[in-house]
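Notes follow once the structure below has been shown.
Derivation of every value follows stated rules applied to the coordinates shown; laboratory data play no part. Nothing here was measured: the structure is a model prediction, and the numbers come from that model. Here the Cβ is made from the backbone with ideal geometry for all residues, glycine too, and neighbour counts use every protein chain on show.
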Amino acid sequence: MWKPFIRPYSSNEIIPTSDAAKRVCKIMVSSPKVGLESALDESGIWVSPDLTEEIIKRFENAGMLAYRFFEWVGKQRHYSHSVRAYHTMIASLAKIRQYQIMWELVNSMRSKGILNIETFSVIMRKYARAKKVDEAIYTFNVMDKYGVPPNLAAFNSLLSALCKSKNVRKAQEIFDGMKDRFLPDSKTYSILIEGWGRDPNLPKARAVYQEMIDNKCEPDVVTYGIMVDVLCKLGRVEEAVNVVREMDSRGCPPTSFIYSVLVHTYGTEERIEDAVNTFLEMERNGVQADVVAYNALVSAFCRMNRLENAFRVLQEMENKGVSPNARTYNIILNSLITLGKNDEAYKFFRKMICCCEPDSDTYTMMIKMFCENDRLDRALKVWKYMGKKQFMPTMHTFSVLINGLCEKGEVSQACVLLEEMIEKGIRPPGSTFGKLRQLLLKEGREDVLDFLTEKVNLLIKEPLCD
């Protein structure tokens with residue numbers, strides 16, 4: 001049964017969730033910054049936690065726009081934010097480095113008694129990604145003060161955040177200092193193995209693996225998968241195959257993910273026969289291929305410019321009920337564009353939108369392709385379609401089109417797009433703004449340049465988006 005999220009003032013009709021989300025998105029995209037709350041008030045919107053979570057997720061790349069909606073929702077009668085909505089909003093604010101507001105939300109959660117381990121895990125991940133290592137460690141250390149004692153899950157989250165942000169040495173140091181306080185499990189060791197693999201430092205990864213065995217902590221399928229991935233990325237594919245055999249002999253059969261890593265590695269090494277044989281071995285062993293495994297095979301064929309085989313794999317996916325995702329289509333699109341088959345790429349894109357939602361990479365690729373081939377009309381057509389689908393453009397998508405407009409001398413249109421970009425809280429790259437700046441100076445339009453510069457400076461002082 002449909003949930004009643006919106007009831008228009010003129011009707012008691014119940015509107016489905018998807019329609020409600022579309023309506024809210026339209027208001028948020030089209031309303032000026034100062035008029036957003038009024039527009040939402042006048043819309044007659046009834047909100048639910050599910051709807052709020054969906055909207056915040058859609059606008060997480062435009063942090064302050066999402067936050068204004070979050071604040072507005074929080075003032076509605078008989079409504080309370082869910083923990084998930086708080087976490088999504090906290091992540092969005094951290095992404096744009098609005099840390100003060102982020103901690104205000106943490107305090108709000110504390111006052112409601114809904115803080116948990118994941119709250120602090122989200123913050124640790126975001127600090128580490130922003131290279132704020134000390135702040136990530138501080139977050140772990142203040143958990144007790146917020147009434148959430150850290151446990152092994154929090155400890156693992158801190159190590160994972162540090163390892164994924166290329167701070168594995170700090171993670172190892174913390175692990176060595178705290179492993180008596182938090183008894184490590186297979187996940188703890190797997191995190192460190194993966195961290196050293198990314199470093200890359202294979203001897204250290206092996207040392208952690210050996211410590212795991214020595215401490216009677218049995219590797220699980222995730223640990224084995226990480227070891228296979230580490231070895232493959234370091235060009236040790238034959239050794240990775242031995243790990244797969246070892247895990248199988250220990251009663252831990254390899255998963256579709258592990259096979260996909262091998263297929264992908266063979267593809268990057270242009271060993272197409274090995275890639276195909278590994279995929280077939282997976283099927284013979286009764287492991288059902290998922291979309292990740294199929295994508296690895298599609299990528300292997302595309303790397304060898306064997307597009308006819310890639311299309312056959314796509315057909316096989318559909319025959320076996322495995323739905324291709326945006327990544328599947330993007331791999332083939334990128335290959336078609338690289339080979340200069342632009343008309344085929346456009347036809348393939350049109351086929352894609354009938355059965356799969358494009359992602360930001362899809363739109364950026366298509367717009368860039370048309371701009372580089374003097375088909376600005378089609379680039380704008382893709383942009384218009386993206387707006388119709390209420391898809392929030394990323395910094396890269398905006399930049400590609402603005403650069404394309406600049407190349408064709410469409411300065412006024414480029415200015416409109418840059419202003420829209422800033423209004424959505426997305427900071428333009430220096431190269432994109434610099435290109436437009438030169439053109440405006442050349443045309444003697446210093447007044448427009450001053451206007452845009454002021455807007456950019458305001459964004460830098462109070463950033464809305466990285």
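So here's what we get for this one:
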| item | result |
| --- | --- |
| Inter-probe distance in nm under a simple model that places probes 7 Å from Cα toward Cβ, at D176 and D199 | 1.0 |
| Full-extension gain in nm, R250 to N151, via 0.36 nm per residue minus C-alpha separation | 32.6 nm |
| Rg in Å to one decimal, and Dmax rounded to a whole Å, for region 283-428 via C-alpha atoms | 17.1, 60 |
| Dipole of region 392-466, positive direction: furthest Cα of P429, V448, S412, with charges on the beta-carbon | P429 |
| Charge dipole magnitude, Cβ of K and R +1, D and E -1 - region 331-466, Cα centre, debye nearest 20 | 480 |
| Cβ-based net charge around K26, under 11 Å, with every Lys or Arg adding one and every Asp or Glu removing one | +2 |
| 23 Å Cα cut-off, lysine pairs counted over region 392-466 (separation 8 or more, or different chains) | 8 |
| Candidate values (i) 31, 28, 22; (ii) 39, 30, 17; (iii) 39, 33, 24, label of the one derived for semi-axes √(5λ) of the Cα gyration tensor in Å | (iii) |
| Given charges at beta-carbon only (K, R positive; D, E negative), |dipole| of region 392-466 in Debye | 200 |
| Positive-end residue, the chain charge dipole about Cα centroid, Cβ charges, pick of S399, C25, N325 | C25 |
| Fewest-first ranking of D176, D374, using other Cβ atoms within 10 Å as the exposure measure | D176, D374 |
| The chain - charge dipole about Cα centre, Lys and Arg +1 at Cβ, Asp and Glu -1, debye rounded to 20 | 720 |
| E281 versus D377: modelled label distance in nm, points set 7 Å from Cα along the beta carbon direction | 5.3 |
| Gain in span if fully extended, D450 to S108, counting 0.36 nm per residue against the direct Cα distance | 119.1 nm |
| For region 392-466, alpha-carbon Rg relative to the globular expectation (2.2 N^0.38 Å, N residues) | 1.00 |
| Theoretical ellipticity at 222 nm over the chain - DSSP helices of four or more residues, -39500 (n - 2.57) apiece, nearest 500 | -22000 deg cm²/dmol |
